[in-house]
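Remarks on the structure that follows.
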Amino acid sequence: MRKALILLALVSILLGTVGVAAYNIAFIVKATDSDFWQYTIVGAKNAEYDLKGLAKVTVYGPPSEADIDLQVSILENVINTRPDAIVISSTSSEAPSLILDAAHKAGIKIVLIDNFVYDTGYDSFLATNNRVGGAFAADKLVAALKANNTPLKGKIGLISAMAGVQVLTDRDGGFIDRLKEIAPDLQVLPTIYTNNDISRSANAAEDLLIAHSDLVGFFADNNHTGIGVARVIEQRGLENKIMAVAYDSDPLEIEALESGALKALIVQDPHGMGYKGVMFAFMAINGEPLPAYLDTGVYVVTKDILDDSMWILDPFSRKKY
């Protein structure tokens with residue numbers, strides 16, 4: 001983090017020395033239907049504000065994270081406009097590889113955020129360490145079971161937004177591996193994928209509760225799956241029986257944390273991803289050295305520390321553009 005702050009400080013020097021028209025930076029998110037990605041947009045636009053006219057940030061993205069083909073089409077159209085840099089959170093780790101690589105070879109700076117893309121040139125990658133986040137989720141789920149005096153045996157449901165997305169694979173793998181270490185008698189059921197749909201996530205949780213009388217908990221690996229799982233727990237009044245932990249911090253997840261339907265949230269820094277992503281793109285355009293990878297951090301929020309964590313949970317509180 002210290003190195004990142006030093007790099008960002010260099011921007012202030014560039015602000016006084018670069019006498020050029022505004023650079024065009026394209027900011028492509030996974031989806032526009034999610035508060036998480038809206039938070040990254042706030043960060044990106046705040047970076048644009050702080051660059052004081054030296055960069056113009058244009059936001060793009062499909063409606064849903066399930067729209068992989070549409071995001072690739074958006075990327076192709078963006079590249080045809082010849083921006084100076086692209087900051088992208090790709091839904092797929094493979095689908096845009098050739099397109100991004102060709103753009104990078106053509107001189108467009110590429111900054112990846114959140115999800116890595118294989119076999120492509122890029123200037124920097126900023127993301128959460130999702131295996132660590134998944135392990136934190138296992139720790140908090142076990143802690144909740146112990147606090148509830150629930151024996152550490154039985155079944156755990158794992159609801160995942162999508163298959164084949166590296167960030168989700170890392171979260172789920174970190175969760176499963178850590179749970180084996182600290183509670184080997186808890187059995188994680190086969191992962192259910194719900195196409196990043198809240199209703200499907202709720203239905204999956206409902207089906208698991210019906211099928212497994214010894215189910216004692218859930219891990220939901222993103223905001224939409226977390227909302228779906230929490231909805232079922234609240235509707236069935238299972239707050240004191242089923243322990244659930246989820247990723248991210250959409251408003252409905254925060255409400256579920258307050259109500260007890262969720263026992264912990266594994267929280268990223270979407271504002272920081274967006275802000276630093278744009279700043280790194282600006283620095284790459286100007287030939288400044290960048291780290292190949294920057295860990296943007298992961299946090300654990302429980303109900304008892306909720307008030308002290310609102311700066312993380314509500315990036316809109318830092319909105320200034």
Rg [Å, one decimal], Dmax [Å, integer] - region 130-267, C-alpha atoms: 12.9, 36
Residues of type lysines that Lys155 reaches as a straight line, Cα spacing below 26 Å, ignoring anything fewer than 8 places off in the same chain: Lys140, Lys146, Lys180, Lys241, Lys263, Lys303
Straight-line reach only, C-alpha to C-alpha below 23 angstrom: list the lysines that Lys52 could link to, leaving out same-chain residues fewer than 8 apart. Lys109, Lys276, Lys319, Lys320
Only counting other Cβ atoms within 10 Å, I'd like Phe136, Phe218 sorted with the fewest neighbours first. Phe136, Phe218
Just for the chain, what percent of DSSP beta bridges are antiparallel, to the closest 5? 10
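Suppose every Lys and Arg Cβ carries +1 and every Asp and Glu Cβ carries -1, with no other charges. What dipole size does region 130-267 come out with about its Cα centre, to the nearest 20 debye? Walk me through the numbers on the way to the answer.
On the way: 13 positive and 18 negative charges, 75 e Å.
Once rounded to the nearest 20, the dipole reads 360 debye.
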For a footprinting-style exposure proxy, rank Glu48, Glu239 by other Cβ within 10 Å, fewest first. Glu239, Glu48
Pull out the extension gain between Glu258 and Asp295, defined as 0.36 nm times the separation in residues minus the alpha carbon to alpha carbon distance; nm, one decimal. 10.5 nm
How far apart, in nm, are the 7 Å Cα→Cβ label points at Ile182 and Ser97? 3.5
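In whole percent, what relative contact order does the chain give with Cα contacts below 8 Å and a gap of six or more residues?
Details: 675 pairs, mean separation 69.3, N = 321.
RCO, the chain: 22 percent.
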At a Förster radius of 56 Å, what calculated FRET efficiency corresponds to the Cβ-Cβ distance of Ala211 and Asp119, to the nearest 0.05? 0.90
Between the alpha carbon centres of region 84-122 and region 270-306 the gap in Å comes to 17
Quick one: order Lys180, Lys45, Lys105 by neighbouring beta-carbon count within 10 Å, fewest to most. Lys105, Lys180, Lys45
Return the Cα extents of the chain along principal axes one, two and three, sorted largest first, each rounded to a whole Å. 66, 38, 32
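Every number here is computed from the coordinates shown, using simple stated rules; none is lab data. In this text, all values refer to a predicted model and were calculated from it rather than measured experimentally. Reconstructed Cβ throughout: ideal geometry from the backbone, glycine too, with neighbour counts over all protein chains shown.
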